[in-house]
Amino acid sequence: MNPDIARERENATFDVNKLTNILDGGPEKTARRREIESLVFSDPDFKEDDPNFLSRSERYDQAVRKSVQMILKLREYGIADPEEIQHYKSMVSVNRPEAMGLHFAMFLPTLYNMCDPEQSRKWLPLAESCQIVGTYAQTEMGHGTHLRGLETTATYDPATQEFVLNSPTVSSIKWWPGGLGKTSNYAIVLAQLYSLGNCHGLHAFIVQIRDISTHKPLPGIVVGDIGPKFGFHEVDNGFLKLENVRIPRENMLMKYSKVEPDGSYVKPPSAKLTYGTMVFIRSMIVGASAVALAKASTIAIRYSAVRHQSEIRAGSPEPQILDYQTQQYKLFPLLAMAYAFKFVGQYMKQTYHRISEDINHGNFSELPELHALSAGLKAFTTWETNSAIEVCRMSCGGHGYSQSSALPDIYVDFTPTCTYEGENSVMMLQTARYLVKSYRQAKAGQRLSGIVSYLNEAQNRGVQPQPVAARPTVVDVNDLSSLVEVYKLRAAILVDLAAKSIQQELQRRKSQEDAWNNSAIDLVRASDAHCHYVVVKLFADKLGEVGDTAIHSVLSTLALLYALHGITKNSGDFLQVRKITISLRIKELLSQLRRNAVALVDAFDIHDKKLNSVLGRYDGNVYEHMFEWARRSPLNATEVGLGHQSNTIFSKYFYSFI
Amino acid sequence: MNPDIARERENATFDVNKLTNILDGGPEKTARRREIESLVFSDPDFKEDDPNFLSRSERYDQAVRKSVQMILKLREYGIADPEEIQHYKRYVAHTQPEPLDLHLGMFLPTLLNQATPEQMDRFFMPAWNLEIIGTYAQTEMGHGTHLRGLETTATYDPATQEFVLNSPTVSSIKWWPGGLGKTSNYAIVLAQLYSLGNCHGLHAFIVQIRDISTHKPLPGIVVGDIGPKFGFHEVDNGFLKLENVRIPRENMLMKYSKVEPDGSYVKPPSAKLTYGTMVFIRSMIVGASAVALAKASTIAIRYSAVRHQSEIRAGSPEPQILDYQTQQYKLFPLLAMAYAFKFVGQYMKQTYHRISEDINHGNFSELPELHALSAGLKAFTTWETNSAIEVCRMSCGGHGYSQSSALPDIYVDFTPTCTYEGENSVMMLQTARYLVKSYRQAKAGQRLSGIVSYLNEAQNRGVQPQPVAARPTVVDVNDLSSLVEVYKLRAAILVDLAAKSIQQELQRRKSQEDAWNNSAIDLVRASDAHCHYVVVKLFADKLGEVGDTAIHSVLSTLALLYALHGITKNSGDFLQAGLLSVPQVMQISLRIKELLSQLRRNAVALVDAFDIHDKKLNSVLGRYDGNVYEHMFEWARRSPLNATEHSY
């Protein structure tokens, strides 16, 4: 154990294990998670070569091998609880996305949700046993966000009782689905349904794309990998071009809508039913943000405790870089953010499960709010985390650029969350739509409930930006509930401003749509402020649940730092709300947190094998392991054993040309 | 040509070629750059396989082959002007870093600056002829920024008249030098010099690391590649462990300081001499920021003109995504920033050359200011560009993640500039040190000149944060020079705040050093505000040089957008200081929306003016002709994963 990092742990003021339990949701959850962890890490079948030293094709092969192993093991051990499967999976893949990800995350759930009973009997056993491996093909090369714009067609032919699928243009080629390029032999294809000359919009079809035994593409199917990407090296994101591919009528997923043998179309009973999966995935992404940020901040903070650099006092030994105020100012607010997002993630999961229950009983009343909240928070947390990971990486100096730090991979594998499952700007605007709608309801005298209820008060109080002098109240920067209040006011003001911008545009005879587009900057800003308020509020709420005094104290410091840092970063907004000076207080919080920084990342309890970072090692023995890692670089393999010829790459070119 | 992008070009209000000339520094420069461009792109010897489909070893191999070709061709064509070499190099390497960069960029220049005539004879010509390939080994695994902390030792042995070099610990292993891993057979090694029992600090030594003919590491040398990284895939950044490696006394670079045969040490005449290279490289990085941002914004804006998505009006065809206000708000301020940094880069280059002349005549007076400016602007422009590239990438939706967009590579090859040649936070603090020093001089009654002269006025006026009401607001948010003034006042106030924070810490009986560290957040903020002011000012100054009315008009819009966008992003500073009022901040938000729609019709023409050849841009999304989808499909089919039909 590196003595610096050992000393950090001695100085901590709270019981790390207890905080881990809070993050896991109870001691028994922690125990079970660690049990699964050791099950995976002690299993020789999951031993792998360091992917950093493999080609992309080798990485893909290794990932597929491990996925198949995993499926067998889950059955062997009888692990069936979705959360436990999730743990097991994340340990096996070390959080890396993998080729069979969509089979589990989209293909199977879609079958569960949208098959009629007969289809369930036919497809579920095949898919669950992985006799067929499927993906979910929605996005096209030229179309993403806008579902009505998708061009793939499925035209019903009553003569043969088949659908004929086509990709009529280059831009209609299915593009991006994970596992489509090489792995899958089936795909759920989203296509515009045509029957008897009418278009009935987007529907889902089960399409076999490869031969089960030879794995060769079937006639009319042009399929392949879309090439290397920023991250997701293990995944064969693919393309799919359909040329008059015929599938039986029974391959349309018909639990809700239907095409009868004669071609007549039966509508689904409610449009809200397809809502649920989207909301679920977006809620999960909030939790994924916390996971990624916990990893990145663990690495950066542990390394900052063992790295020494420069001098604060001339002639004294080089201090740990964690003693520099600039380093603390970079990292501690992000650590606070990681905790904030952990708790928001817990809240979203609980809320989703609660509302799912309601929905199962036919009560959809809370779905719109959850839908709006999950969209905005997905965007808010992924954008924040995306920048934060890079701050962590760059705070590690040169070594953060090495793949051995794991930080580059954490970033490239995380950043797509800003785009997939709803592009972030579009997400922010969805939330804004809900906010503006609520605002108008409040204005019309309707009483709002739930998280937007502050818009009631706003109406009553006539909240609006005012010159600083006119606003007497000084915010108590030591009182979290006072800060929650100030975030709420800011959100109210920015929603008001956005709504007024739309109003002004309408008065200039703009159409509703143009007024909306011309107010989009304000709308995104309002959504952002709303989400920020929700995060600060949920963090404050969580503190109420924490009984342990030492942990309560350190979490309160984190919550305060999170709230105050957010205010300084957006001080222009807040100065329109309240007179507020906080820069000194932040410095105090930074030094208060200094002694607990390492313990706070230890509490995330990320196993070294999962963290997979020479900089972030629990024992702090960075340099020896970095040297050892580097020597295994494939570029070093060739020097030894080339004694019989002097043609290293160097001399091969230099002397053949000169 | 894609009809959408063709229409964009028809709608532009200015002559693209004339603007390109302004960016190049004159029509003859544009012509010469294009000549070199076609020299490279028409040369079959530079044909390459798409690096995206190669392994790292293959990429390295290909890059070395091209580098060697390049050096031979430069000689063949007699291209010797540094700027022209730079252009040629850029076209060959597509702006990607490559293994020979440090040989050309550090090894040769260091010899030129620090070698004695005798050493020049021994090393320079062989290095010029590529018999010797060198690198520059300074950074160690455990030590970067702080030169006194470096652990490698060179101990003089008078008995044999040799230096004995050692890496005494794991953390002292040289780490990161480009080209060290596989390519170089020589290195300039920075080591603590010990002679006759005394340490004389860091000095440079020429060390042979590999056999010239077999290329095998020499005895006592442990050398290799440090493994894969975020970007720089072509470069063999390396490690070097020295175990009692003996080199002749004559291998210490002795133009300035010296070790005599008996071991006695002769000091260099001035410490400022080594200053120059650093300042030069940092100034160049400012220009490199502009280049990277020009590429990224070209790709994002062209693609946004051909991509259609969703609906603004129900039932209407899907609009170009460039018509969405959110997309304009993401991209146009970055486009303005790219222009701003272009002009700042030009300024830094000119200033460097002017001051270099002075230095050659023994006049060092302007060097401290340039040193401070280059440090801060290096940090300011690279941080801003770093985030901006990612905004460009993410504004392209899913396709921005594909290597075929080129955006991932632009990012990973650019982001190290935030760390190398001076870590950005450290750079900001260096500039802050100069600002605080100047502030104190002004306070002591000294009259400051140059770019910090605003600190004089601040003293006179007693500038400090005041409530809005107390400050009569005279700012005209439509007038660039008024905005320059406001940026200047913000900088003055934040320098004042930082200096006062130090003062307060000292009053709490903190030491100078602790007071400095406890004010570091304020100091970085002050530096940032100073640099921001300089950028806005230089952009405004540049407008004065532009004669063409149409171009002047569009550049003025860009400059205004750059300045106003910076204010909204930092509105707290301006409000808190009472420089702007709440209604003014709101007025600025409205004004920004107007500027976005004004720029809409010229957006594609403005990136066209960067004149980045398709082969250099190397992006299916950013193609000049806008034919994105066909080429993306064609590119994807060549993915190596498609070479075999896999069955598991």
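The values are calculated or read from the model by the stated rules, or taken from the named source; none is laboratory data. Please read these numbers as outputs of a predicted model, since none were measured by experiment. As a convention, Cβ positions derive from the backbone with ideal geometry for all residues, glycine included, and neighbour counts pool all protein chains shown. These area figures cover heavy atoms from the full protein model, side chains too; ligands, DNA and RNA do not enter into them. Shrake-Rupley method; radii C 1.70, N 1.55, O 1.52, S 1.80 Å.
Among the GluC sites (Glu not before Pro) in region B:564-648, which ones are in a DSSP loop with at most 15 other Cβ atoms within 10 Å of the Cβ? Mind listing them?
B:645
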- prompt: Cα gyration tensor of region A:54-100, axes a ≥ b ≥ c as square roots of the eigenvalues: rounded (a/c below 1.5), prolate (a/b > b/c) or oblate?
  reply: prolate
Evaluated over region B:1-92, the Cα radius of gyration and Dmax, each in Å: 17.2, 48
- prompt: How many nm separate the modelled label positions at residue B:113 and residue B:506, each set 7 Å beyond the Cα in the direction of the Cβ?
  reply: 3.3
- request: Mind checking which lysines have their Cα closer than 22 Å to the Cα of residue A:29? Skip sequence neighbours fewer than 8 apart in that chain.
  value: A:18, A:73, A:89, A:295, A:342, A:349, A:542, A:609, A:610
- line: The answer for the per residue Cα convex hull volume of region B:317-396, in Å³, is 82
- request: Under 17 Å Cα to Cα from residue A:267, which lysines show up? Leave out anything in the same chain fewer than 8 places away.
  value: A:255, A:258
task: Provide the solvent-accessible area of residue A:49, counting protein heavy atoms only and rolling a 1.4 Å probe, rounded to the nearest 10 Å².
output: 90
statement: The percentage of Cα-Cα pairs in region A:362-454 separated by more than 18 Å is 58
task: Estimate the FRET efficiency between residue A:13 and residue A:353 by the formula 1/(1 + (r/R0)^6), using the beta-carbon distance for r and 25 Å for R0, to the nearest 0.05.
output: 0.15
- prompt: Classify region A:483-574: rounded, prolate or oblate, from the alpha-carbon gyration tensor (a ≥ b ≥ c, eigenvalue square roots; a/c under 1.5 rounded; otherwise prolate if a/b is larger than b/c)?
  reply: prolate
- line: Debye calc, one equal point scatterer per Cα of region A:212-368, no solvent, log10 I(q)/I(0) at q = 0.15 1/Å comes to -1.06
message: Cut-off under 17 Å on the C-alpha distance; same-chain residues fewer than 8 positions from residue B:241 excluded. Which lysines are left, in chain and number order?
response: B:174, B:182, B:216
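Could you tell me what percent of the accessible area of chain B is made up of carbon and sulfur, with a 1.4 Å probe and every protein chain present? Could you put the intermediate results ahead of the total?
Details: 12360 of 23660 Å².
So the carbon and sulfur contribution to the accessible surface is 52 percent.
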task: Could you bin all the Cα-Cα distances of region A:479-527 into 5 Å bins starting at 0 and give me the percent of pairs in each, rounded to whole numbers?
output: 5, 24, 22, 16, 12, 8, 6, 4, 2, 0
statement: The answer for residue B:214, listing residues at least 5 apart or on another chain whose modeled amide H is closer than 5 Å to its amide H, is none
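Hey, got the average number of other protein chain Cβ atoms within 10 angstrom for residues in A:149-155?
1
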- request: Give the accessible surface of region A:101-196 per residue, rounded to a whole number of Å², with probe radius 1.4 Å and ligands, DNA and RNA excluded.
  value: 33
message: Residue by residue through A:406-413, how many Cβ atoms from other chains fall within 10 Å of the Cβ on average?
response: 2
query: Could you give the length gained on full extension between residue A:211 and residue A:161, defined as 0.36 nm per residue of separation minus the Cα-Cα distance, in nm?
result: 15.8 nm
message: What Kirkwood Rh does chain B have if only Cα atoms enter the pairwise 1/r average? Answer in Å.
response: 27.0
query: Which percent of the Cα-Cα distances in region A:40-198 go past 20 Å?
result: 60
- line: With a Förster distance of 30 angstrom and the Cβ-Cβ distance between residue A:360 and residue A:250, calculated FRET efficiency to the nearest 0.05 equals 0.65
- request: Could you size up the charge dipole of region B:1-65 around its Cα centre, putting +1 on the beta carbon of Lys and Arg and -1 on that of Asp and Glu, and report it in debye to the nearest 20?
  value: 220
- prompt: Per the helix-only calculation at 222 nm, which mean residue ellipticity applies to the protein assembly as shown, given -39500 (n - 2.57) for every DSSP H run of n ≥ 4 and division by its residues, nearest 500 deg cm²/dmol?
  reply: -17000 deg cm²/dmol
statement: Residues meeting the amide H criterion for residue A:152 (H placed from the backbone, H to H distance under 5 Å, 5 or more places apart or on another chain) are A:192
message: For a quick check: with amide H placed at 1.01 Å from N, whose amide H comes under 5 Å from residue B:173's, ignoring anything fewer than 5 positions away on the same chain?
response: B:141, B:142
message: Per q in 0.04, 0.05 Å⁻¹, report the Debye log10 I(q)/I(0) for the protein assembly as shown, using one uniform scatterer on each alpha carbon and no solvent.
response: -0.23, -0.36
